[in-house]
Structure formats: C-alpha cells, structure tokens
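The values are calculated or read from the model by the stated rules, or taken from the named source; none is laboratory data. This structure is a prediction, so every number in the text was calculated from the model and none was measured. Because the Cβ atoms are built from the backbone with ideal geometry, glycine has one as well, and the counts that use them run over all protein chains shown. Quick note on the areas: whole protein, heavy atoms, side chains included, nothing else; ligands and nucleic acids left out. Shrake-Rupley method; radii C 1.70, N 1.55, O 1.52, S 1.80 Å.
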Protein chains: 2
Amino acid sequence: MAVTIKDVAAAAGVSQSTVSRALSMPELVSPVTRARVQAAARRLGYEPNRAARGLITGRTANLGLVVPDLANPLFAAVVKGVQAAARAADYSVFIADTDEDASAEPGLLRALAKQVDGIVLCSPRSPDAELTEAGTDTPVVLMNRQVAGYPAVTVDNADGMRQAVEHLAALGHRRVCYVAGPRSSWSNGQREQGLRATAEAVGVDLVHLGHFPPRFDGGVAAADLALASGASAVVAYNDIVALGLLSRLGARGVAVPDRISVLGCDDIPMSAMTHPALTTVAVPQHEAGRAAVAMLLALLSDAGPTAPQRELATQLVVRATTGVAPDPAALTDRRADRSR
Amino acid sequence: MAVTIKDVAAAAGVSQSTVSRALSMPELVSPVTRARVQAAARRLGYEPNRAARGLITGRTANLGLVVPDLANPLFAAVVKGVQAAARAADYSVFIADTDEDASAEPGLLRALAKQVDGIVLCSPRSPDAELTEAGTDTPVVLMNRQVAGYPAVTVDNADGMRQAVEHLAALGHRRVCYVAGPRSSWSNGQREQGLRATAEAVGVDLVHLGHFPPRFDGGVAAADLALASGASAVVAYNDIVALGLLSRLGARGVAVPDRISVLGCDDIPMSAMTHPALTTVAVPQHEAGRAAVAMLLALLSDAGPTAPQRELATQLVVRATTGVAPDPAALTDRRADRSR
DNA sequence: GTGAAAGCGCTAACAA
DNA sequence: TTGTTAGCGCTTTCAC
C-alpha cells in the first residue's frame, strides 16, 4: 500500500488535519510544525491521493480533451499545447479520440465529464445541437469553432485568407480558385468568407470548387478541376489537401509555381518538407491549446464572463509554391490548345 | 450535484448495497429487484463515481501512456491503438508527452503511477537505468524496446530489414547504405542487426552512415553522403529520415529510383503521399498499442508470466522509390566524372 | 437475497 | 495554531 496521510501524521507526531494543512495551506500552520510535517512527507515519499482529495473537494485536477483524430498533425499540435498548459497548472489530461465519428461524441463527453473539471472540445464538424444536448454542467471550451453561449478559442481564419489573397494579388494573380473543405466545418466557412471579401476588395476572380474531404485524396481529386478552372493560383482548405493537389499536379507534370501557384492552410510540419515547400497560412494551434486551458482554468476559479472568446492571429508563411502569375496569354493559349 | 448511488437506492426503494450489487454483480441479486434498480439507475442517468469506487477497490480504471512526441505520426498511431483497446475495456487513458525529454520521464512516471492501474511506456531512447529507478509498483509495459524483467511489445525490426534487403537484392542492388538513427535507440540497434545479417547472407555490401537524428533534417544531412557512398540504394532509419533524403535528392536533381533507390521504415501516412511514393517497412503501431493494453490488462487480473513479451510482424510495402539497380558502369562513370 | 455499518484517503467544519 | 469529527460516493464484510 502507498503511504497515506495517516503515516505522515504518525511520523510527524501531529494529526491528519495538520498534515493536510501543512501541505495545502502552509500559511495556516506554525513554521516549526510545518517544517516537521514537510520533512516527514518528503522522507516517506508521500503524495496525496488525488481521487480521495477529489471526492471531497469536488475537483479532480483532470482536464478532458476531445479531438477528432490524433493522427492529424493539426490536432497533435493542439494536444501538445493543452498538455503543456495543463501540466504547468498541475492538471493531468484525459484525451479522447473520436476517430472522426461525431456520433460517438455525446457518449464520450458524458463519460469524460464525470472525471474531469473541464473539457476542451475540438470537434470541427459535429452539429451544434449535439453540444447542447450533451449539456453537462462541466465547463466546456470549444476550439476552432464558435457556438453561441460557449466559451471558445479560435484563430482568425478570415484574416489568414486575406493575407493569402493579397499575397497572390501582389504576385499578379487575377483568378484564384478555392478548394473548399467540408461544408459543415466552421473553419471552412470562415475561410470562404475571408476569401470572398478580400478577393472582391482587390479585384481577384474567385472560383469556388468543392466541397472536398479535408484529406490528401480530396486534394488529388480537386487538382484537375483547379487546373481546368483557368485560375493561376489555388488556395486549399488546408495543407493536407494542398499536398494532395501538389501530388496530382506533379504527376501530371504541371510546374508549381510556374504554371500554377498553390497555397495551403495550417502550416503543419509536413508543409516545410515538401519539394517545393508549401506556402501556407500558419494557425497557432499549440498556442490555441494553451489558451483553451487558460480559459478553462479561469472559468473554474472566478466565473468571469459567461462565455469568453479568444481569437488568435494567423500568419502567412511564404515558401516556394507561390510565385509570380504566368503570362495570361500563355494560359489562354494552353486552354485554347486543349479545347482544340 | 450529480446523481449518486443514494438517489438510485431511494428511487428503487432498496439499500445502497443492493444498488451496488445490482450494477456490479447482478447475479447476486434477485431478478426482480435487479430490474427495478437498473430501471431506476437508467431513469436517473446514474453513473458511478469512479474516484469513489477507486478509493475502495484500489482500481482507477485509468491507464497511462507515455510517448516522446505526439506530433510524431508513429506515436500518434500507438496512441490511437491504446485508446481503442482501453475504451473497449472501459478504461480511460492519461497521455503524457515528454517532448523528447527523457529526463522528465521519471517524474512523469511517478505522477502518473498514482492515478492509473498500469502504464504503457513508449520511450525509445531513455537509458534502462531510469526505468528501474522510477520503479513503481504500477505495472509497466514497454513499447518498441526490451529491457530484462519488463513486459514488452515490440515489432520484428530485424525481419523488416531482411525483407528490405532481399527486396533490394532482387532488384539487383549490390551496395546498399544505411542511414542510421540514434545510437541509443533500441529499434535502430535491431534494424542494424537485421540489415547486417541479411546483407551478408545475400552478398550485399552494407555501408553504415550516421548516426543521424531521426528527423527530416537528419535525412537531408545524410543525402549527399549516401550518394557519394557508391551505393545504388539507401535504407533510412525511418520514413521521416527517408523523406528528408528524398527532398535533398530532389533538390539536387537526382532521380529516384533510377539513380538511387530509397527505402524507409514505419509506413507513416505521409509515406504514401510523396511523389514518388515511398517504399517502406510497415510496423503495426496501432496493433502494438492494442497489444500493450491487452498485456497490461492481463497483468492486472491474473499475473501470468512475470514479464510477457510479444513481437509483432513487420511487412515490406513496395511503392515507387525502389527500382531496378542502375547499370554499375553508369554509376562508376558518374563517380569518375566527379573526381575529375 | 438484502440491509446496516465500516471504511477507502482525504479535506472542511467546528471546537479547543 | 491544532485536534476532533464528519462525510465525500462507493464497495464490502457481516448480520439477518
């Protein structure tokens, strides 16, 4: 059996309550006994039993994190951020991977809610209804998504797209196509909106393609359409899709960025490893994870605003897949060739 | 407050003990009361408080998982496997990411040990000593590594390398170089050994390069050396390194597999997404995660063998980066050119 | 087959 | 400042 508070009390010659106080609220106990208790605790290697403590305080010192897919590097970054912040605050974190199965979510949420003080919910696509339905009294912070009445941390997707379009416009692109992600994705909606607004503002034609699954094969499937759209640049819903695009374009012998520029979103590690390296919009998921935990912790102590919101900045990262727009004449010729 | 066993007892008109029994050991209670209790429990949405239960049973129904880096797709697969198996057995899992910092491990392990029934430890590089030092009485299962006296699940690295070398030999390669991973990595040791044995058996020259960090830039750094080694094929410690190799080779305009073949290990998702797609040795990390949990659970119930071992098969996946060996004369010429 | 009571390890009133 | 007591929600003897 592990060493309990009783053992420490006996060793230090004080009562259990004194041990408890000496360790949790040291200022309430005289310096001399405090020292004696702490020495005994250290000597015996005492660590309070969190379950027992939780039973009485109602706090578990655990946080829950729900992600759709741990194998997705984007969510891996979130997890690391959440972990780091949680550990710093002496919280442990339960992670639940829904395997992209939104229907499993309510059950998971309910199960989690019992054993944690708060939950970070990263479920880009499950319908809002499920959230409220699952309605536990455990505080929940949403990631990458806003639902009325819920605290959330998001990134400024629209501004990221603004940077992207302005970058392309500055390179002379006049016709840009967007390979859309899932219709139900909140981020996708934000991105479309930012794209549309900026395209109009800078006088760029925007061609909307999709929706495509947010995966490599989604990009593969979209590549030929993008090429045929007459656009000289394509913005993908995310980096994985952009990678698929690049792959198919490469297989067809289409030069990137000479013939067509490609731009992703998220800045997953892989983006810097392709050849040519992918220009993309970095979304600070690690920081977002940390912010979500901070928000949760704040919610747990003082209530503060009922549903705080935090939006993090995005940042264009220019690499090698975007370049000066090709001569429109050359493009037109090509298309003419093709239609012959 | 959540609904407790007391509420259910009141609702069903029985004692707490009967509720407890009806739910945990249904055969000990009469069918009619059992039904009544279960109905009440369901109606009230009762879920037992795991902490309270754990306090008395000594079981937490939690498992711990320590990985060096969640952003590494290999470990992501492990996590998913562990999760799946744990959830099936109604266990939750705490995940701790050491951020590749082996020195943080003992502390993490101790902290984890308090709140879980068993730990899956995935720490390829930390010295054996730390393990035994951390020596908790919580059962630990090692992944991808064997240490005397510890249960472990591993993959057959050596056999994977056998398949790799035989594949290359069959393609006519006579000189193969290995870009080694970290010296302290158990897997790397196994791979080197398998490589050496098979190379000798099939009459292939083996050139040992490295050790390199098991990252993309490790591969980038190794590429020129590999090319200069006179080998017509290069086997990388893992896929990420192979990707780095591919990148640098591509930047230098070296044709893969025409000039040189490249072979990775692990079969991470990215391997299928490169162009050309990477030939690699698949290691079943998802299954390994599940196996580790199964082992842990077995350890928890009946003791069984003190330190069970389980080794999973690896499987060569042939894609596009390995091809017929170039004419040796061509290679020689090239090198002659260069030395001029 | 069921209930009463004890107690897991801890903290929080309440006394002293 | 410290000790005593009660009790968190649950399981498990031990009676009945």
Quick numbers on the range B:196-300, Rg and Dmax over C-alpha atoms in Å, give 16.2, 56
Scattering curve values for the range B:218-267, log₁₀ I(q)/I(0), Debye with Cα scatterers, q = 0.25, 0.30 Å⁻¹:
-0.86, -1.24
If you count, for every residue in A:270-278, the Cβ atoms of partner chains within 10 Å of its Cβ, what is the mean?
5
At 222 nm, what helix-only mean residue ellipticity would chain A give, in deg cm²/dmol to the nearest 500, using -39500 (n - 2.57) for each DSSP H run of four or more?
-14500 deg cm²/dmol
Rounded to whole Å², per residue accessible area for chain A with a 1.4 Å probe reads 43
Would you work out if the range A:34-93 is rounded, prolate or oblate? Take a ≥ b ≥ c from the square roots of the eigenvalues of the alpha-carbon gyration tensor; rounded if a/c is under 1.5, else prolate when a/b is larger than b/c, oblate otherwise.
prolate
So how exposed is residue A:75, as accessible area in Å² (1.4 Å probe, rounded to 10)?
10
Assign unit charges at the C-beta atoms only (+1 for Lys and Arg, -1 for Asp and Glu), then state the dipole size of the range A:5-57 relative to its Cα centre in Debye, rounded to the nearest 20.
40
Heavy-atom accessible area of residue B:208, protein chains in place, probe 1.4 angstrom, given in Å² to nearest 10, is 90
Roll a 1.4 angstrom probe over the protein heavy atoms and tell me the percent of accessible area of the range B:228-268 that is carbon or sulfur.
43
Listed peptides A:264-272, A:92-100, A:33-41 by packing density, highest first (mean Cβ within 10 Å)
A:264-272, A:92-100, A:33-41
If you build the Cα gyration tensor of the protein assembly as shown and take the root of 5 times each eigenvalue, what three semi-axes come out, in whole angstrom, biggest first?
49, 35, 22
GNM on chain B, Cα springs under 10 Å; top mean-square fluctuation among B:44, B:55, B:108 goes to B:44
Keeping all protein chains in position, work out how much accessible area residue A:6 exposes to a 1.4 Å probe, and write it in Å² to the nearest 10.
130
Across A:257, A:326, A:31, the residue with the highest GNM fluctuation in chain A (Cα network, 10 Å cutoff) is A:31
Semi-axes of the range A:169-216 from the Cα gyration tensor (sqrt of 5 times each eigenvalue, largest first, whole Å) come to 21, 12, 8
Using a 7 Å offset from Cα along the direction of the beta-carbon, what are the separations from residue A:253 to the same position in each other copy, nm, ascending?
1.8
Over the range B:5-57, relative contact order from alpha-carbon pairs under 8 Å, at least 6 apart, %:
33
Taking the alpha-carbon centroid of each part, what is the distance from the range A:272-322 to the range B:259-297 in angstrom?
29
Counting DSSP beta bridges with both partners in the protein assembly as shown, what percentage is antiparallel, nearest 5?
10
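In Å², nearest 100, what accessible area do chains A and B bury in total when the solvent probe is 1.4 Å?
3100
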Give the percent of DSSP beta bridges with both residues in chain A that are antiparallel, rounded to the nearest 5.
10
Which residues, if any, in the range B:58-77 lose at least 50 square angstrom of accessible heavy-atom surface (probe 1.4 Å) when the other protein chains sit next to their chain rather than the chain being alone?
B:70
Per-residue Cβ counts within 10 Å, from other chains only, averaged over B:248-254: what number is that?
1
Mind checking which of A:32, A:234, A:155 has the largest fluctuation in a GNM of chain A, springs on alpha carbons under 10 Å?
A:32
Size descriptor, Kirkwood hydrodynamic radius, that averages inverse alpha-carbon separations across chain A, Å:
22.6
Defining the label point at 7 Å along Cα→Cβ, can you sort the distances from residue A:48 to the same site in each other copy, shortest first, in nm?
2.6
Taking each residue of B:234-246 in turn, how many C-beta atoms of other protein chains fall within 10 Å of its C-beta, and what is the average?
1
Which chain B residue sits with its beta carbon nearest the axis carrying B onto A, and how many Å away is it, rounded to a whole number?
B:51, 2
Would you mind checking which residues have amide H under 5 Å from residue B:205's amide H? H placed 1.01 Å from N; only 5 or more apart, or other chain.
B:175, B:176
Could you name the lysines in cross-link range of residue A:80, using Cα to Cα under 27 Å and dropping any fewer than eight places away on the same chain?
A:114, B:80, B:114
Please list, in chain and number order, the residues 5+ apart from residue A:119 or on another chain whose amide H is under 5 Å from its amide H, with Hs placed from the backbone.
A:64, A:140, A:141
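Work through the residues other than residue A:61 whose Cβ is under 13 Å from its Cβ and net out their charges, Lys, Arg +1 and Asp, Glu -1.
+2
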With equal scatterers on the alpha carbons only and no solvent term, can you work out the Debye log10 of I(q)/I(0) for the range B:5-57 at 0.14, 0.15, 0.26 1/Å?
-0.31, -0.36, -1.00
What are the residues whose amide H is under 5 Å from the amide H of residue A:316, where those residues sit 5 or more places off or on another chain and H is modelled from the backbone?
A:282
Taking residue A:17 in one copy and the same position in all the others, each labelled 7 Å out along Cα→Cβ, what are the pairwise distances from the first, in nm, shortest first?
3.2
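Looking at chain A, do any whole DSSP H helices span at least 15 angstrom along their long axis by alpha carbon and average 0.0 or above on Kyte-Doolittle, and which?
Those that pass (Cα extent of 15 Å or more, hydropathy at least 0.0) are A:73-88, A:216-228, A:239-251, A:285-300.
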What percent does the relative contact order of chain B come to when contacts are Cα pairs within less than 8 Å and at least six residues apart?
16
Taking each pair of different alpha-carbon atoms in the range B:73-220 once, compute 1/r for the pair, average those values, and report the inverse of that mean as the Kirkwood hydrodynamic radius in Å to one decimal.
17.3
